[in-house]
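J.: First, the structure itself, so that you have it in front of you.
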Amino acid sequence: MVKRTDESVGVALIKRVAEKDRKSFEEFYYLYAEGLARFLMKMLKQREWVEEAVNDVMLTVWQMADRYDPERGRLSTWLFGIAHNKGLQLLERVHRRREESLDAWPGEVESEDEAVSTSHDAASPVASGPERIVMGWELGDAISWGLSQLSADHRLVLELCFSEDRSYQEIADIMNCPLNTVKTRMFHARKHLAELMARKGYTLPGQKVTI
């Protein structure tokens, strides 16, 4: 995630990007691409999809930089809101391709060993923050598994809140949904994660279904 102290740098760059300054766009790309990739990996779980989505986001930035208004909100909120939408669009495209043909599903593995390896690699970016999601737990692998079982929206609200330290309002802006929707998703995400962990024999300290 881009550090909050970098916000002013990003704002200065995007103003020049709006004027189609290619060097500024290159600097903007390198400033935000890594954070965008981590963010999108939490939704997409496949590196090739993440690369595609990051490129889609940056193309949108190049085309729409002049639409960013610092008076209406933080640059990072605007940028990661675009990323969230692009991630959802890519998942929809993948779903349609999967319905048309299983052969169109990227990341298909041919052996159990390959499946285990792929699963581990895909989960590793999410594992960067799970212990902050469930405070005091030393259950990184189990938590990563639990997160992987959640829907994309539920997984994302947990990651944005506990790993990225976003407020509920910022999450609502990023996900382009009402604040109450974020609160509802957070409740159900916590509840579902707790239930999944209970099936694995883990109990949340002092709570039944909340983090």
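Bear in mind that the values in this text are calculations on the coordinates, not laboratory data. Quick caveat: nothing in here was measured; it's all calculated off a predicted structure.
J.: Taking only the alpha-carbon atoms of region 1-54, what semi-axes of the equivalent ellipsoid follow from 5 times the gyration tensor eigenvalues under a square root, in whole Å, largest first? Working shown, then result.
T.: Values: eigenvalues 107, 36, 9 Å².
For region 1-54, the semi-axes come out at 23, 13, 7 Å.
J.: How much length is gained on full extension from residue 20 to residue 6, taking 0.36 nm per residue of separation minus their Cα-Cα distance?
T.: Stretched fully, the residue 20-residue 6 segment lengthens by 2.9 nm.
J.: Which log10 I(q)/I(0) values does region 38-91 give at q = 0.18, 0.29, 0.30 Å⁻¹ under the Debye formula, counting every alpha carbon as one identical point scatterer?
T.: Treating every Cα as an identical point scatterer, log10 I(q)/I(0) equals -0.56, -1.13, -1.18.
J.: Once you have the Cα-Cα distance between residue 47 and residue 191, take 0.36 nm times their residue separation minus that, and quote the gain in nm to one decimal.
T.: 49.0 nm
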